[in-house]
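A short worksheet on the structure shown next.
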Amino acid sequence: MPAARAAGLSVCGFPRTERLLRRGQYLRVQNGGRRVHTAHFVILVLPRGVQGDAQGPATARIGVTVGKRVGNAVRRNRVKRVVREVYRTSKTLFPTDCDVVLVARLGADRLDYGAVKAEVERARDAIFEARTKALARDPRPPQSSL
C-alpha cells in the first residue's frame, strides 16, 4: 500500500470507521431508518444525527445483511464482498453522514459487480431522498412529564 501512495495512486480502503460492526448498530438502522427498495436489495438509510449516536467522522457507515434464503455460506459471503467492493469504489453513491444497511433479497447471489453497482446507481436519488426525509422528521415524539 505505501508504494501505491508514493506513486500517487488513489488507494480506496474500507476502514472500521466506515463499517457497522455491532448488532445494535444494525438494529438502530433497521428500526429507525428509511427504506429504499430495489430488485435485489432493501436499502435502509439513517442519518447519524437522528439515531442519537456520537457524531463520528463525515463518512457513510455501511452494513450488509444476507439471509440464508439467498444461498449457502459461499454465496452469501460473495454477495457481501461484492456489495462492500461497490461501496469501497463508489462512495459517492451513499450519503456521507448516514448509516446504510443493504439487505440482500433472493437473486442477489447471481449478480456480479457491475449489476450491483448499476442497481445502487439507479437507487441513488431515492437513497438521498430517504436521507432528507429522515432528517426532516422529528426523531422522537415529545415525552409527557407524568
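The values are calculated or read from the model by the stated rules, or taken from the named source; none is laboratory data. From a predicted model like this one, the values you see are computed outputs, not experimental measurements. No Cβ is skipped: glycine too gets one built from the backbone with ideal geometry, and neighbour counts run over all protein chains shown.
Test Ala39 against the stated conditions and say whether it is buried (at least 20 other Cβ atoms within 10 Å of the Cβ), at pLDDT 95 or above and of a type in the set (Gly, Ala, Ser). Spell out the reasoning first.
On the way: buried (at least 20 other Cβ atoms within 10 Å of the Cβ): no; at pLDDT 95 or above: yes; of a type in the set (Gly, Ala, Ser): yes.
So Ala39 does not fit the description; no.
Restricting attention to the stretch 2-36, and to residues there that are polar (S, T, N, Q) and part of a helix (DSSP H, G or I), which single residue is modelled with the lowest pLDDT?
Within the stretch 2-36, the match that is modelled with the lowest pLDDT is Thr17.
Might you let me know whether the stretch 86-94 holds any residue that is modelled with pLDDT under 95, in contact with a Gly (Cβ under 9 Å, 6 or more places away or on another chain) and in a helix (DSSP H, G or I)?
Within the stretch 86-94 (the criterion being modelled with pLDDT under 95, in contact with a Gly (Cβ under 9 Å, 6 or more places away or on another chain) and in a helix (DSSP H, G or I)), the answer is yes, since at least one residue qualifies.
So for the stretch 64-85 (the condition being touching a residue at least 40 places away in the same chain (Cβ under 8 Å), touching a helix residue (DSSP H, G or I) at 6+ places or on another chain (Cβ under 8 Å), outside any helix (DSSP H, G or I) and more than 19 Å from Ala134 (Cα to Cα)), does at least one residue qualify?
For the stretch 64-85, residues touching a residue at least 40 places away in the same chain (Cβ under 8 Å), touching a helix residue (DSSP H, G or I) at 6+ places or on another chain (Cβ under 8 Å), outside any helix (DSSP H, G or I) and more than 19 Å from Ala134 (Cα to Cα): present.
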